[in-house]
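The values are calculated or read from the model by the stated rules, or taken from the named source; none is laboratory data. None of the values given here were measured: they were computed from a predicted structure. Backbone-built Cβ (ideal geometry, glycine too); neighbour counts: all protein chains shown.
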Amino acid sequence: MTKTTTLTKKRLFHLWLPLALMWLVMAVEQPAITAIISRLPNPTIELAAFGYAFALALLIEGPIVQMLSAGTAITKDIVSYRRLLFILHLLALLITSVHLIFCIPSVYTWFSLEIMGLPKEMITPSYRSFVAMIPWAAAVGYRRLWQGVMIRYGKTKAVPVIMYLRLFVAASVLITGLLINTIPGGLLGGISLSVGVIVGMIAAGVYVRPIIKEMPKEDLSTPSMPISEMVRFYFPLALTSLITLGVRPLLNFGIARGLYPLASLAIWPVALAYIFIYTSISMSMQEIVIAEQKNEQTLLVITAFIKRVGLVLFLLYMVILISQAWKLWFINLSGLPADLLEFLPLTLTVLCLMPIFYSFISFFRGLLVLAHKTRTITIGVSINVFLMLIMINVLTQGIGLPGVYAASIAFASSYGVETLFLMTQTKTLRK
């Protein structure tokens, strides 16, 4: 019994580490972009513009984000893979079409001004950034599906290599833009994102090709999901991501109506990028649970591992917060304008529990995907977003807090509530 547990722990660690590195590389990408933008002309406006454009692009990307989990969960043979790939083709066409519609200047201006309440001075710089991200969402979808297949078939070591390549290419674009010093910061950020994910998609396609060739044919004893059943399985996951990512531009709507709107819109994406460095490490546990949860014994090992990861991340966050070492990140690395730094201490303090929340949410969602109870995930996210939107509007328009403070309180509180909800909903799955 002990031997099996030890082997399971080793396998868990070796599977988790490459995926954690993948998420960590993605987490580093956003601070790298904001660090360059902050060193270019008009940093406050360009940071706010890039943050808004990125949030809107994320909303459009929403339906394909969960392809990583879907690829891990259901590509058991070549037939299921081809069916899921067909669904991805349709989604990629849909989201790219939506992005192109928003790229019509009159549509973008109307939506940003009339619906989102964006300051007028942000329209042009954010539009440039948004247009540069046209190929971004579809490329992310294909890369994530192929990485999910790699995880399914135990080839996780290739996953971070793809992300290293993506980050290297994106960094090269950013450094070139910094040296030229004539490309607006928001536009440069959008270009670097698009070029990076396209290269990542191509690399993932190269790595996954041998795996696809070796996939088993359909096992008639356990037939693959028909497309209709795959859609029913995937739709709640797509809706979950759409709701989750949709809250970012909606938060901007609330932030813009609080005190210090321009400063808050500039600082919020930078603070989120910093938080993502901690939370990203635990996000890979969703795919690990899907791939490795087999019985009560593996569940115990995974649960213990999740608790350790969450605790270590929380302690690391608090040490850096209390010692004020975070200033090195935001001043020396991010190059944040001095007038924005005063908003950070309270913002980061409010968000301190996010590493723990994300660790358990990833764990609970993995259990629910494995049990094909994806609708419960959507309900949890809906509760999260509903509470977040109510709180940010009350805190900005009712109480009159600065936008970034209201956003951080609403963000942390809603994720805490979702964690508790998913805990109750997975109680029977954890026995």
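Given the criteria of a type in the set (A, V, I, L, M, F, W, C) and crowded, with 17+ Cβ neighbours inside 10 Å, does Met391 qualify? Break it down stepwise before answering.
Working: of a type in the set (A, V, I, L, M, F, W, C): yes; crowded, with 17+ Cβ neighbours inside 10 Å: yes.
It is true that Met391 is of a type in the set (A, V, I, L, M, F, W, C) and crowded, with 17+ Cβ neighbours inside 10 Å.
Would the range 173-186 turn up any residue that is in contact with a Gly (Cβ under 7 Å, 6 or more places away or on another chain), of a type outside the set (Gly, Ala, Ser) and assigned to a helix (DSSP H, G or I)? No: the range 173-186 contains no residue that is in contact with a Gly (Cβ under 7 Å, 6 or more places away or on another chain), of a type outside the set (Gly, Ala, Ser) and assigned to a helix (DSSP H, G or I). Taken over the range 302-338, the criterion of being aliphatic (A, V, I, L, M) and either within 24 Å of Ile290 (Cα to Cα) or touching a His at 6+ places or on another chain (Cβ under 7 Å) (or both) is satisfied by Ile302, Ala304, Ile306, Val309, Leu311, Val312, Leu313. Every test in (1) surrounded by fewer than 17 Cβ atoms within 10 Å (Cβ to Cβ); (2) modelled with pLDDT of 85 or more is passed by Phe50 save one, and that test is (1).
The residues of the range 286-331 that are surrounded by fewer than 18 Cβ atoms within 10 Å (Cβ to Cβ), in a helix (DSSP H, G or I) and of a type in the set (D, E, K, R), listed by number, are Glu296, Lys307, Arg308, Lys327. Taking the criterion of being at pLDDT below 85 and surrounded by fewer than 19 Cβ atoms within 10 Å (Cβ to Cβ), the residues of the range 203-224 that qualify are Lys217, Glu218, Asp219, Leu220, Ser221, Thr222, Pro223.
Screening the range 370-380 for residues that are of a type in the set (A, V, I, L, M) and surrounded by fewer than 24 Cβ atoms within 10 Å (Cβ to Cβ) and picking the one that is farthest from Phe305 (Cα to Cα) gives Ile379. Checking every residue in the range 347-361 against the condition of being surrounded by fewer than 16 Cβ atoms within 10 Å (Cβ to Cβ), farther than 30 Å from Asn295 by Cα and among the polar types (S, T, N, Q) gives at least one match. For first residues located in the range 243-265 and of a type in the set (Phe, Trp, Tyr), partners that are not in a strand (DSSP E or B) and lie 6+ apart or on another chain with Cβ distances below 7 Å form the pairs Phe253/Met116; Phe253/Gly117; Tyr260/Gly403.
Evaluated against (1) in contact with a helix residue (DSSP H, G or I) (Cβ under 9 Å, 6 or more places away or on another chain); (2) at pLDDT below 90; (3) not aromatic (Phe, Trp, Tyr), His14 falls short on exactly one condition, (1).
Looking for something in a helix (DSSP H, G or I), small (Gly, Ala, Ser) and surrounded by fewer than 19 Cβ atoms within 10 Å (Cβ to Cβ) - is there at least one such residue anywhere in the range 266-285? Show your work before the answer.
If we filter the range 266-285 for residues that are in a helix (DSSP H, G or I), which is where we start, we get 266-283, 285.
Going one step further and asking which of them are small (Gly, Ala, Ser), we end up with 266, 271, 273, 280, 282.
Narrowing the set further to residues that are surrounded by fewer than 19 Cβ atoms within 10 Å (Cβ to Cβ) leaves none.
So far as the range 266-285 goes, no, none of its residues is in a helix (DSSP H, G or I), small (Gly, Ala, Ser) and surrounded by fewer than 19 Cβ atoms within 10 Å (Cβ to Cβ).
Lys157 meets each of the listed conditions (1) modelled with pLDDT under 90; (2) of a type outside the set (Asp, Glu); (3) buried (at least 16 other Cβ atoms within 10 Å of the Cβ) apart from (3).
Only one of these is within 23 Å of Glu287 (Cα to Cα) and modelled with pLDDT of 85 or more: Met67, Met22. Name it.
Values: Met22 fails: modelled with pLDDT of 85 or more.
Just one listed residue meets the conditions, Met67.
Going by the conditions given, is Ile379 in contact with a helix residue (DSSP H, G or I) (Cβ under 7 Å, 6 or more places away or on another chain) and β-branched (Val, Ile, Thr)?
Judged against the criteria, Ile379 is not a match.
Listed by first and then second residue, the pairs linking a residue in the range 151-175 that is under 22 Å from His14 (Cα atoms) to a residue that is part of a loop (DSSP other than H, G, I, E, B), with Cβ atoms under 6 Å apart and 6 or more places separating them unless they lie on different chains, are Arg152/Thr75. Note on the range 226-242: residues that are among the hydrophobic types (A, V, I, L, M, F, W, C) and either at pLDDT below 80 or closer than 11 Å to Gln66 by Cβ (or both) total 6.
Among residues that are modelled with pLDDT of 95 or more and of a type in the set (Ser, Thr, Tyr), Thr419 is included. Of everything listed in (1) surrounded by 23 or more Cβ atoms within 10 Å (Cβ to Cβ); (2) closer than 26 Å to Tyr234 by Cα; (3) β-branched (Val, Ile, Thr), the single unmet condition for Thr34 is (2).
I'd like to check which helices (runs of 4 or more DSSP H) are fully inside the range 1-118 and have at least 3 residues that are over 24 Å from the mean Cα position of the chain (by Cα) and of a type in the set (Ser, Thr, Tyr). So that I can check it myself, show each step before the final result.
Working: elements: 2-37, 43-61, 67-74, 78-102, 105-110.
The qualifying helices (runs of 4 or more DSSP H) are 2-37.
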